[in-house]
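J.: Questions regarding the structure given below will be posed in turn.
The values are calculated or read from the model by the stated rules, or taken from the named source; none is laboratory data. Quantities reported herein were computed from a predicted structural model and do not represent experimental measurements. Heads up, the Cβs are rebuilt from the backbone with ideal geometry, glycines too, and the neighbour counts pull from every protein chain shown. Ligands, DNA and RNA are stripped out before the accessible areas are found, and what is left, the full protein with its side chains, is counted by its heavy atoms. Shrake-Rupley method; radii C 1.70, N 1.55, O 1.52, S 1.80 Å.
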Amino acid sequence: MPPPGRGLPRFVRGGVLAGFCLLLSLTAHVAGGGAPHLSPGLLVAGALLAVVCVAAADRQRGLGGIVAVLGTSQVLFHLLSAGGEHGGTVTATVTPGASMMLTHAVAAAIVGVLLAHGERLVWSLVALCGVLRASRLVRLLVTPPGAPPVPALERANLPQGVFPRSGPAWRGPPVLSI
């Protein structure tokens with residue numbers, strides 16, 4: 001399995017983020033009473049966003065970065081969607097009100113949290129596949145022929161931080177100072 005920061009997985013992860021940005025904006029626009037339409041400007045902006053998202057998918061993205069992309073795209077896509085309905089001019093009805101901004105922010109935060117968890121899951125699964133592959137190799141190299149098999153986890157000495165961003169570090173009780 002290729003690492004998620006290269007090849008097809010990178011394109012898929014970048015495309016998923018860009019797709020969710022566009023889908024979230026269009027869904028919110030229709031839910032707010034707008035007509036569903038895809039203008040050429042909206043499609044070009046979506047394609048440019050996809051290029052940026054794929055370029056940024058070379059490493060694991062965190063919650064802050066994902067929510068920032070979602071929030072910024074909501075503003076851009078809102079202006080492009082609403083501007084297309086009003087002949088391309090930004091009027092007072094195109095600028096969002098407080099409730100609309102809050103709705104976009106909450107939706108971007110919820111989708112961002114879900115995508116960030118998916119991102120962590122992808123990177124953790126790839127790391128786990130690497131550990132399993134390594135443990136199989138160790139089992140082949142270390143176990144002499146005819147010996148009873150030893151569970152891989154007893155022999156595998158896993159390095160610290162195998163799973164990226166797996167949570168807070170474990171720590172013991174504080175050291176007593178005299």
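J.: If Asp58 passes every condition in (1) out of contact with any Pro (no Cβ under 6 Å at 6 or more places or on another chain); (2) under 20 Å from Ala109 (Cβ atoms) but one, which one does it miss?
T.: Evaluating Asp58 over (1) out of contact with any Pro (no Cβ under 6 Å at 6 or more places or on another chain); (2) under 20 Å from Ala109 (Cβ atoms) leaves (2) as the failure.
J.: Let me ask something additional. Looking for something touching a Pro at 6+ places or on another chain (Cβ under 6 Å), farther than 14 Å from Leu114 by Cα, open to solvent by 60 Å² or more (accessible area, probe 1.4 Å) and not hydroxyl-bearing (Ser, Thr, Tyr) - is there at least one such residue anywhere in segment 23-40?
T.: Yes, some residue in segment 23-40 is touching a Pro at 6+ places or on another chain (Cβ under 6 Å), farther than 14 Å from Leu114 by Cα, open to solvent by 60 Å² or more (accessible area, probe 1.4 Å) and not hydroxyl-bearing (Ser, Thr, Tyr).
J.: Further question: Kindly check whether there is at least one residue in segment 47-67 that is within 20 Å of Met100 (Cβ to Cβ) and more than 11 Å from the chain's Cα centre (by Cα).
T.: Within segment 47-67, none of the residues are within 20 Å of Met100 (Cβ to Cβ) and more than 11 Å from the chain's Cα centre (by Cα).
J.: Between a first residue in segment 46-74 that is at positive phi and a second residue that is open to solvent by 60 Å² or more (accessible area, probe 1.4 Å) and not in a helix (DSSP H, G or I), which pairs have beta carbons less than 9 Å apart while being 6 or more apart in sequence or on different chains?
T.: Listed by first residue and then by second, the contacts come to nothing, as the list is empty.
J.: With the checklist (1) surrounded by 14 or more Cβ atoms within 10 Å (Cβ to Cβ); (2) under 30 Å from Val131 (Cα atoms) in hand, flag the one item Arg6 doesn't pass.
T.: Here Arg6 clears every test but (1).
J.: Please tell me if Phe20 is over 18 Å from Leu114 (Cα atoms), open to solvent by 30 Å² or more (accessible area, probe 1.4 Å), touching a residue at least 40 places away in the same chain (Cβ under 8 Å) and in a helix (DSSP H, G or I).
T.: Taking the combined requirement at face value, the residue does not satisfy it.
J.: Read through the list (1) at pLDDT 90 or above; (2) open to solvent by 70 Å² or more (accessible area, probe 1.4 Å), then give the number of the only condition that Val54 fails.
T.: Condition (2) is where Val54 drops out.
J.: Checking Ser81 against (1) modelled with pLDDT of 80 or more; (2) touching a helix residue (DSSP H, G or I) at 6+ places or on another chain (Cβ under 6 Å): exactly one of these is not met. Which one?
T.: (1)
J.: Next question. Can you spot a residue in segment 57-66 that is touching a Phe, Trp or Tyr at 6+ places or on another chain (Cβ under 6 Å), of a type outside the set (A, V, I, L, M) and surrounded by 17 or more Cβ atoms within 10 Å (Cβ to Cβ)?
T.: yes
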